[in-house]
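Below you'll find the structure, written out as structure tokens, and then a few comments.
The values are calculated or read from the model by the stated rules, or taken from the named source; none is laboratory data. Remember, it's a predicted structure, so these values are computed and weren't measured experimentally. Cβ sites come from the backbone with ideal geometry, for glycine too, and all protein chains shown count toward neighbours. Note: areas computed on protein heavy atoms with side chains; ligands, DNA, RNA excluded. Shrake-Rupley method; radii C 1.70, N 1.55, O 1.52, S 1.80 Å.
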Amino acid sequence: MGNQVEKLTHLNYKEVPTADPTGMDKDEGPRIGVSYIFSNDDDELEQQQDSVHDLGGEHPTLQPYDPRLHEVECSVYYRDECIYQKSGGGHLSTYTPENLLNRCKPGDLVEFVCQAQYPHWVVYVGDFQVVHLHRLEVVNSFLTDASQGRRGRIANRLYRYKPLSPAAVVRNALEQVGCKDRDLSWRNSECFAAWCRYGKREFKIGGELRIGKQPYRLQIRLGDKRSHTLEFQSLEDLIMEKRRNDQIGRAAVIQELSSHLQAAEEEEDEEEDHHPGARTAVEEMSYTVALK
């Protein structure tokens, strides 16, 4: 039967290690954090869409998509270096697939987005075609077909790694066409597309050892002056959590975090009642809400 692992996920944010986004948390020695083992999230998206086709629909009803309302603004840090940033602004504008064809150049990464769905990433290779991880297989498709009716954006500036040359990006993508199932080295379309453009092993399954202190931090912005930070031992695990946030949407993420923060504040109040003048429980633990 081979090795099979059931899909695991945390039940709530309280189970996820958190830290000060400035990197000033205490060094308490090596700690084993939370690792996430997921099935391919793009495959889950396909299953959702298949159920719609079975009901006789061509595509899910697409509501007007506003990144400011639906997307989670966040930053990713490796130790003290920011390696990814998604924030409000013109660079998050989305376009129809037909409009994107006039904007894309070979080697560009394209992110297709839609409310309540995982983002789908592709590599534009020229001649209106893209290469992407689709249903557990790397395939070559027309951009308009790969979009499946979703709006998209050129996503070259989200990750801050130095990109390879456009020719190398296209070559990386085309060389993987036909790779599928157990031969795949990427958990989802974003990891595959980012690996093609940046060539970093951190985007591959098992590309990093999950031991010791978590070097990656996902800083989620809750508002103008508040943020919440989660720690991860690998970039792969962090991307899975970031994509889950994109799929459930900004409002749901804020609601989850609000529940966690409220519980933390109640624990803090109880600690103060029992030990007046003592440091709070939140300060003693590595769970931190950053107040800028």
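Note down the nm distance, to one decimal, between modelled labels 7 Å out along Cα→Cβ at ARG103 and at ARG68.
Inter-label distance under the simple model: 1.7 nm.
Which value, in Å², gives the accessible area per residue of segment 94-149 when a 1.4 Å probe is used on the protein heavy atoms?
Details: 2180 Å² over 56 residues.
Averaged over the residues of segment 94-149, the accessible area is 39 Å².
Based on the mean of other beta carbon atoms within 10 Å per residue, what is the order of 162-168, 200-206, most packed first? Working shown, then result.
Numbers: 162-168: 13.1, 200-206: 15.9.
By packing density, highest mean first, the sequence is 200-206, 162-168.
Separation between the ILE211 and VAL177 pseudo-spin-labels, each 7 Å from Cα along Cα→Cβ, expressed in nm?
Reported label-point gap for ILE211 and VAL177 is 4.1 nm.
Ranked highest first by the average count of other Cβ atoms within 10 Å around their residues, in what order do 209-222, 184-197, 103-116 fall?
Details: 209-222: 18.2, 184-197: 24.6, 103-116: 19.9.
Ranking the peptides 209-222, 184-197, 103-116 by packing returns 184-197, 103-116, 209-222.
Students often check this: by mean Cβ neighbours within 10 Å, which of 244-257, 140-153 ranks highest, and how do the rest follow? Don't jump to the answer; show the numbers that get you there.
Numbers: 244-257: 16.9, 140-153: 18.8.
Output ranking for 244-257, 140-153: 140-153, 244-257.
When the accessible area of segment 161-243 is computed with all protein chains present and a 1.4 Å probe, what percentage of it is carbon and sulfur? Present the calculation step by step, with values, prior to reporting the outcome.
On the way: 1650 of 3370 Å².
So the carbon and sulfur contribution to the accessible surface is 49 percent.
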